[in-house]
Amino acid sequence: MTARRICGFAASILLGLMAAVSPAAAAEVALLKPFGTVSIHSPIQPVPPGGPLPYTASGPAASWGVVAWDIPGGDLSAFTSTQGGAGPISTSHAAEATVSVAQSPADGPVISLSQDGAILPCQTAGGQPRESDLLLSPNRGNNHFDVSGYLSQSHAYALTSLHHLTASATVSYSATPSARPEVCGVAQGSALMAVILNNPVRHQTLFYQLALTLVCGPQPAPRLAFCAKMRAEPWSNFFFTKNPFGVDDRLPLLGQAFLTSGETRTIHVDLLPRLIGFLRAGPLSLDTDPSHWTIGGFYAGQDIWGGVKLTTHWSSVQLVADVAD
């Protein structure tokens with residue numbers, strides 16, 4: 001994500017956390033509400049005060065929302081509903097992206113995200129590879145469409161007050177090359193879960209993104225080799241080295257293999273050791289004291305570049321803080 005978009009995203013999520021209810025007394029605290037109805041938020045930039053703002057929802061009191069950052073070819077539509085085998089399916093569609101919310105007897109609501117890079121420009125106006133993000137996060141507060149999707153004041157927990165910070169989700173994906181006339185210099189995609197950390201002492205923000213898979217699309221041979229190497233022998237990196245900071249991490253570095261296409265897996269990962277490790281090894285301007293950092297928010301979803309068509313399915317998403325006595 002761009003720095004401007006990250007700043008707006010962080011601010012909107014933090015406002016939602018400030019309005020959440022008090023944390024429970026139990027040692028393990030679930031921070032997120034289960035999936036229910038879903039709203040779609042405008043990707044307009046710069047993000048307006050209180051935004052990104054919702055303009056449609058799959059039902060009343062949406063506790064989770066989706067935003068399609070840098071979407072080409074027009075925004076996601078208002079939701080429409082059809083009847084599925086287990087209940088209604090609500091769908092929002094655009095030329096480059098689709099969001100659907102369906103009922104599953106086993107897992108409750110399943111949220112599906114899909115992107116098609118057929119109309120995605122290869123580059124930005126500045127000549128950089130053009131990224132497109134489709135992200136799902138708990139809503140930040142109450143309005144005509146939304147209610148807060150946070151169960152606890154997670155910003156109250158400094159990292160040093162936790163034993164564990166466990167992210168979990170049941171996820172599957174499918175990917176194919178998109179139908180486009182030219183080959184982009186970069187063509188890849190990933191499914192991801194992410195945590196936002198805030199530092200009220202030094203007024204810093206850190207975005208930690210964990211890639212659950214890596215899809216390599218049609219691209220020039222040197223870049224395709226680079227993508228294949230990342231998939232076979234992944235590494236982590238800071239994608240922003242000044243405030244707001246950003247880290248890309250990969251699931252195999254936490255001891256679990258990348259998801260494979262067509263596989264459905266329930267992922268449980270303790271993010272706390274990774275977060276503290278990145279703080280201590282980060283850029284010089286990053287505050288390295290874990291006691292200054294709190295949990296600022298969560299999101300999940302996918303990103304693509306170039307000629308990739310990617311669909312992910314999400315259910316049972318949760319972030320649990322194991323709070324020290």
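The values are calculated or read from the model by the stated rules, or taken from the named source; none is laboratory data. Note that the coordinates shown come from a computational prediction; the quantities given were computed from them, not determined experimentally. Backbone-built Cβ (ideal geometry, glycine too); neighbour counts: all protein chains shown. Keep in mind that these areas ignore ligands, DNA and RNA; they rest on the heavy atoms of the full protein, side chains included. Shrake-Rupley method; radii C 1.70, N 1.55, O 1.52, S 1.80 Å.
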| field | Per-residue ³J(HN,Hα) for segment 157-168, Karplus 6.51 cos²θ - 1.76 cosθ + 1.60, θ = phi - 60°, Hz, x for Gly and Pro | value | 9, 5, 4, 6, 8, 10, 8, 8, 9, 9, 9, 9
| field | Approximate spin-label separation T80-R202, in nm, with each point projected 7 Å along Cα-to-Cβ | value | 5.1
| Order by protection proxy (mean Cβ within 10 Å, highest first), peptides 81-94, 309-322 | 309-322, 81-94
| field | aspartates and glutamates with Cα under 13 Å of K242, excluding same-chain neighbours fewer than 8 positions away | value | D287
| note | Kirkwood-based Rg/Rh on the Cα set of segment 183-265 evaluates to 1.04
| query | In the chain, carbon and sulfur make up what percent of the accessible area (probe 1.4 Å)? | reply | 58
| query | Looking at the chain, what % of the alpha carbon pairs are farther apart than 32 Å? | reply | 24
| task | Identify all aspartates and glutamates with a Cα-Cα distance to K309 below 18 Å; exclude those on the same chain that are fewer than 8 residues away in sequence. | result | D70, D75, E96, D116, E131, D133, E182, E263
| query | Between rounded, prolate and oblate, where does segment 248-289 land on the alpha carbon gyration tensor, with a ≥ b ≥ c its root eigenvalues, rounded for a/c under 1.5, else prolate if a/b exceeds b/c? | reply | prolate
| remark: Candidate cut points under chymotrypsin sites (Phe, Trp or Tyr not before Pro) in segment 62-115, DSSP loop plus at most 14 other Cβ atoms within 10 Å of their own Cβ, are none
| task | Return, for the Cα atoms of segment 114-216, the radius of gyration and Dmax in Å, separated by a comma. | result | 18.0, 53
| Mean residue ellipticity (222 nm) of the chain, computed from DSSP H runs ≥ 4 via -39,500 (n - 2.57), nearest 500 | -3500 deg cm²/dmol
| query | What percent does the relative contact order of the chain come to when contacts are Cα pairs within less than 8 Å and at least six residues apart? | reply | 26
| With every protein chain present, what is the per residue accessible area of the chain (1.4 Å probe, Å²)? | 40
| request: Take each uninterrupted DSSP H stretch in the chain, measure its Cα extent along the helix axis, and return the ones at 20 Å or beyond whose mean Kyte-Doolittle hydropathy is at least -1.0. | output: 3-18
| note | Counting every C-alpha pair in segment 40-166, the percent lying more than 25 Å apart is 36
